[in-house]
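Nothing in this text is a laboratory measurement; each read-out follows from the coordinates by a stated rule. Everything quoted here is computed from the prediction, not taken from an experiment. Quick reminder, even Gly has a Cβ in these numbers, built from the backbone with ideal geometry, and neighbours come from all protein chains shown.
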Amino acid sequence: MKTSLNRIAAGAALYAAILAVPANAGVIYDSISGPVPPNAPSLGYQATQTSEFGDLIAFDGTARDLDHVTVLMSDWALASTYGSLSPTWDYPLTLNLYNVDNSGANPEPGSLIASVTQTFAIPWRPEADPTCPGGTAWRAGDGNCYNGYAFTVSFDFTGTTVPDQLIYGLSFNTNTWGSNPVGQPGPYESLNFGLSTVAPSVGSNPFPGTAYWNTATGSNYSDGGAGGAGTFRQDTNWTPYSGAVTFDAAPESGAVPEPGTYLLLSGGLLGIGLVGRRRRSPRQ
């Protein structure tokens, strides 16, 4: 009798433990296609007088408590240019998340939801391969030559809850641009935001072909600057490009198993009780 009760108690404890296991919410938006490529199309902040660039996106599923956000970058800077013996160089990047303001003709960045600034170890682009055309690009393992080197950075947004849609913007300073320009040459002049050329595999772009951009040069905008320059606002004619980012939601605590799981667990507990009874019967 005691052994049977112990088994039932153990089964009940296992059941409770399974109920307490958090469910992995996972990816709620993803526009980084497959494995990180050797390089990708990208937007150069120094070259285009950019302070911030991003997009308006919509999330999949119902999980809205963020874990982290991954951004695809492309570095064109060489260690030899700056006399560096380190495989990386450190630099702060900022990712801003905004509510969507739909009060005007076009959706625009509204109030700030959260802003995270982190310093990342940026990998240098591999040195030039003389066998590549022009002798300035590097040759990747796929046999092709590239001018930039793609990599990802991951921002920690633990504790941030987001709405179903938001506008994000990546910002950082370069030599002469940004909220606080550095004022001298550096590898940040060759750091770019990686772009995707396909629709997101998770989530969606409610306004495909648009982006949100803060460039100091009015002629860079599709409207020639009529809507203003040096302000983070909607821009058009970006097809097929959009920012390459992935949003991961935090695991959901207190998750309830599917009905099928309940049945399996119940059957398991019932089985434990039956085994105890069968073993007890000959003694009765």
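Taking amide hydrogens as placed 1.01 Å from N in the peptide plane, the amide H of Val202 sits under 5 Å from those of Asp30, each at least 5 positions away in sequence or on another chain. The listed peptides 130-136, 236-242, ordered by packing as a protection proxy, come out as 236-242, 130-136 (highest mean of other Cβ atoms within 10 Å first). How charged is the neighbourhood of Gly243? Take every other residue with its Cβ under 14 Å from the Cβ of Gly243, and add Lys/Arg as +1 and Asp/Glu as -1. Net charge around Gly243: -4.
For Tyr82, neighbours were defined as the other residues whose beta-carbon sits under 13 Å from its Cβ, and their charges (Lys and Arg +1, Asp and Glu -1) total -3. The modelled label-to-label distance between Asn144 and Glu252, using points 7 Å beyond Cα along the C-beta direction, is 3.8 nm. For the stretch 86-189, the relative contact order is 27 percent, taking Cα pairs closer than 8 Å that sit 6 or more residues apart in sequence and dividing their mean separation by the residue count. For the stretch 23-254, relative contact order (Cα pairs under 8 Å, six or more residues apart, normalised by length) works out to 39 percent.
Residues Leu85, Leu78, Leu72, Leu112, ranked from the fewest to the most other C-beta atoms within 10 Å, line up as Leu85, Leu112, Leu78, Leu72. For the peptides 177-183, 243-249, the ranking by packing is 243-249, 177-183, with the highest mean count of neighbouring Cβ atoms within 10 Å listed first. On the beta carbon distance between Leu85 and Thr131, with R0 = 22 Å, the FRET formula returns roughly 0.30. The orientation-averaged projection of the convex hull spanning the C-alpha atoms of the stretch 23-254 amounts to 13.8 square nanometres. Considering only Phe155, Trp89, Thr70, the residue lying farthest towards the positive end of the dipole of the stretch 23-254 is Trp89, judged by Cα position with unit charges set on Cβ.
Put a plus charge on the Cβ of each Lys and Arg, a minus charge on the Cβ of each Asp and Glu, and nothing anywhere else: the dipole of the stretch 23-254 about its Cα centre is then about 420 debye.
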